[in-house]
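Below is one structure; the comments refer to it alone.
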């Protein structure tokens, strides 16, 4: 194994040198829901690796397969159970990544009243309820200094509490000190806005799942000096609260995606949107 990830003293994921990421399986219904989602989206578990290989068999969410990390099943490591997934950063030399939770609410009608009230309070204290998304963490490779600038989950919770602080974090994410900046990562024919628009189109049609407290990962090559070399990618993650939709559209996630796109457009329209840095 190449290394472990820890947060707040709790054991997190493990990344190996073969293109696999092992996410600790949560106990109880959360872990059961996440496994159920992955097994529906990726019913064919075998394959040569996270690259091209056997495609998924028939499942209830075929439109989502290209948007989620490939799933290989469960694995026991040193007595702990993990979900075995594709390492979505494997093809990057120095990946810059931002984790953005999407949706105007993290609670769902079928949850118990205590859980709903707790979620409402958390949503109101973050930017979820106001913007439809919140930044949960990020790392940005600064090529000129050959180091990462990182913002942890706790830092984001303390500091990214309003629209302007969120916009500033999104500006920071787009600037790698090597020529990349907002307009050529978020805008343009191949920018994140276009990719998010394509994901929105998928969610307009998918009626298999509703996603609560799920995130999108925005990834690009931190060493890139041009947009063409940035290798932009967006992946959906975190499915502990993925619920079967019973044929209805996921309006909450859709609204959150639109809120995120509005936030990126506001940056491009602002005074810093055309800055060279």
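The values are calculated or read from the model by the stated rules, or taken from the named source; none is laboratory data. Bear in mind that the values here come from a model prediction, so they are computed numbers and not experimental data. Note that we place each Cβ from the backbone using ideal geometry, even for glycine, and neighbour counts take in every protein chain shown.
Assorted remarks:
- Hits in the stretch 86-101 - residues which are more than 23 Å from residue 151 (Cβ to Cβ) and part of a strand (DSSP E or B): 86
- For residue 154, the conditions (1) in a helix (DSSP H, G or I); (2) surrounded by 14 or more Cβ atoms within 10 Å (Cβ to Cβ); (3) in contact with a strand residue (DSSP E or B) (Cβ under 9 Å, 6 or more places away or on another chain) all hold with the exception of (2).
- Long-range neighbours under 9 Å by Cβ, at least six apart or interchain, first residue outside the structural domain of residue 233 (by TED's automatic domain parsing) within the stretch 181-196, second buried (at least 17 other Cβ atoms within 10 Å of the Cβ) and part of a loop (DSSP other than H, G, I, E, B): none
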